[in-house]
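The values are calculated or read from the model by the stated rules, or taken from the named source; none is laboratory data. Because the structure is a prediction, the values reported are computed rather than measured. Cβ coordinates were reconstructed from backbone atoms using ideal geometry, including for glycine residues, and neighbour counts include every protein chain displayed.
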Amino acid sequence: MAHGRFCWWAAALCFLVLAGCAGKLPQTRSIPESEVQQAQRVWDDFLRHEQPTAIDADFRLRWDVLGSKGGIDGVLQMKQPALLRFAANDPLGRSLILAVSDGQTFTFVDNREGRAYRGKTDAAFWRRYVPKSVQAADLFYYLGGGVDPNQVPRVQSSVDATSRGYWYKWRDNQAIGHHVLLDNRTGMMQRHLLIDRSGKQVLDLQYRGSVGTVNSVAGEAKQLSWPQVVIISGEAVSGEVEVRAEKIYGFAIRGAALFRLTPPPHFSLEEVD
């Protein structure tokens with residue numbers, strides 16, 4: 001299968017273009033004894049903060065990867081643990097592509113060519129664009145500026161050398177090192193680095209601003225938020241991708257039918273691996 005055929009939609013999906021340039025580890029210093037409790041409190045509050053479990057939003061994606069620059073508007077719907085639906089439109093609002101995944105399998109429909117592709121997320125085809133260090137259940141957290149509290153062991157903390165906040169690091173069950181920078185005033189994530197076993201910086205995610213809406217959770221109104229801009233670079237990205245939230249429709253998606261896709265009967269369907 002030709003690599004070029006999928007390059008543009010991989011960029012559009014932003015996390016499917018994941019391939020780039022090594023970065024440096026953050027410059028830190030030891031936490032003064034007087035700040036140890038404060039640093040721990042910032043981390044504990046971050047884990048306790050109510051995080052969205054789903055999102056329905058319009059996004060603007062821009063990329064400068066593999067020598068290609070561009071941008072596209074799309075609608076992204078995600079639901080934990082790993083449900084995903086992405087639709088990209090042309091400037092006139094016409095559907096170009098539609099992709100869904102349940103975390104185990106994916107279906108991709110190219111309306112321009114009248115073709116559909118289906119496969120598993122552990123297949124070589126999928127791994128061309130999503131590195132092994134990024135699991136399907138991680139995507140929601142990486143794009144949403146959060147972490148799975150059930151997957152974070154005891155962390156080591158330090159102070160950012162430029163006084164931007166506190167750094168927290170740990171290693172997950174895939175032996176990937178995580179370095180997270182939290183603003184010591186707002187408690188919001190500013191940066192998330194993923195370091196592989198060889199010390200390479202697999203991903204560098206930087207977060208700017210936030211957008212939110214009031215969402216009803218178990219009958220109670222809660223203010224939930226999402227990063228306004230996520231800038232993705234690192235060893236897994238040949239360049240840089242920007243994901244900008246243009247409009248949040250809500251943080252509640254009901255039912256799994258939205259994440260199932262049956263290609264039109266006149267489309268050719270190819271099983272890929």
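Data table
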| quantity | calculated |
| --- | --- |
| Top-ranked residue of the stretch 197-244 - restricted to ones that are among the acidic types (D, E) and at pLDDT 90 or above, ranked as surrounded by the most Cβ atoms within 10 Å (Cβ to Cβ) | D204 |
| Residue among A87, A136 that is aliphatic (A, V, I, L, M) and either at positive phi or modelled with pLDDT of 90 or more (or both) | A87 |
| Given (1) closer than 25 Å to G177 by Cα; (2) within 16 Å of the chain's Cα centre (by Cα), index of the condition V75 fails | (1) |
